[in-house]
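As structure tokens, the structure follows; a few thoughts come after it.
The values are calculated or read from the model by the stated rules, or taken from the named source; none is laboratory data. Since the structure is predicted, the reported quantities are computational estimates derived from the model, not experimental observations. Note that each Cβ is placed from the backbone with ideal geometry, even for glycine, and that neighbours are counted across all protein chains shown.
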Amino acid sequence: MTNPVTITAPEGTPFIEIVRDFDAPIAAVFNAYVDPDLVRRWNGPNGYEMRIDAYDLTTGGRYRYVHADPEGNEYAFTGVFHRVHPDELIIQTFEWEGMPDEVSLETIRFSDLGDGRTRVSGRSVFPSVEGRDGMIENGMERGVVEGFERLDALLGH
């Protein structure tokens, strides 16, 4: 059994908060965000292929990746890593190219829970409630939940 994901999107606000615990050490969880090969294997919905065009998880680095669904439809995402503190924090922009101009600012924190367990807490701030709602309506929850389940498998749990 995997740990549940908590996704909170308060009505009328442009925020999304995502919290998930992992039964793995913080260094292993953080590395799964850093290593492009690992990111490709866990990020996004089940059944989608992921192509990484750019991925440099360092302060000032950038990324662009594309998910392709089983029918061949592609969904591209791009952003910049504004601040990276290994095993602690990632601050990045996030833009789904299907909703251009709705760039969110994301803060992802990694917390050591002890006993080899890690909590990942993310907060996204969108420029509008409509942009936040559009992300939710276009499958964000499925991608997050299924991706974290695959991350569990990569971490050996």
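Selection within segment 79-103: residues that are of a type in the set (A, V, I, L, M, F, W, C), in contact with an Asp or Glu (Cβ under 8 Å, 6 or more places away or on another chain) and under 14 Å from L57 (Cβ atoms). The member of this set that is modelled with the lowest pLDDT is F94. Of all the numbered requirements in (1) in a loop (DSSP other than H, G, I, E, B); (2) modelled with pLDDT of 95 or more; (3) surrounded by 15 or more Cβ atoms within 10 Å (Cβ to Cβ), T59 misses one, and that requirement is (3).
Please tell me if D112 is of a type in the set (D, E) and at pLDDT below 95. So D112 does not fit the description; no.
Set side by side, the residues I52, I26 differ, and just one is surrounded by 19 or more Cβ atoms within 10 Å (Cβ to Cβ) and either farther than 24 Å from F126 by Cβ or among the β-branched types (V, I, T) (or both), which is I26. Looking only at segment 20-37, decide whether some residue is among the small types (G, A, S) and farther than 27 Å from L113 by Cβ. There is no residue in segment 20-37 that is among the small types (G, A, S) and farther than 27 Å from L113 by Cβ. Right, D87: assigned to a loop (DSSP other than H, G, I, E, B), in contact with a strand residue (DSSP E or B) (Cβ under 8 Å, 6 or more places away or on another chain) and either of a type outside the set (S, T, Y) or touching a residue at least 60 places away in the same chain (Cβ under 8 Å) (or both) or not? Answer is yes for this residue.
Can you pull out every residue in segment 28-55 that is part of a strand (DSSP E or B) and of a type outside the set (G, A, S)? E49, M50, R51, I52, D53, Y55, listed by residue number. A count restricted to segment 125-141 and to residues that are of a type in the set (V, I, T) and modelled with pLDDT of 90 or more stands at 2.
Residues of segment 101-140 that are out of contact with any strand residue (DSSP E or B) (no Cβ under 6 Å at 6 or more places or on another chain) and acidic (D, E): D101, E102, D112, D115, E130, D133, E137. Selection of segment 123-157 for residues being of a type in the set (V, I, T) and in a strand (DSSP E or B) yields only V125. Would you say A76 is modelled with pLDDT of 95 or more, within 17 Å of the chain's Cα centre (by Cα), surrounded by 13 or more Cβ atoms within 10 Å (Cβ to Cβ) and assigned to a strand (DSSP E or B)? In short, yes.
For segment 107-122, the count of residues that are buried (at least 18 other Cβ atoms within 10 Å of the Cβ), in contact (Cβ under 8 Å) with a residue 12 or more places away in the chain and assigned to a loop (DSSP other than H, G, I, E, B) is zero. The single condition among (1) of a type in the set (A, V, I, L, M, F, W, C); (2) over 25 Å from D133 (Cα atoms); (3) over 15 Å from the mean Cα position of the chain (by Cα) that F30 does not satisfy is (3).
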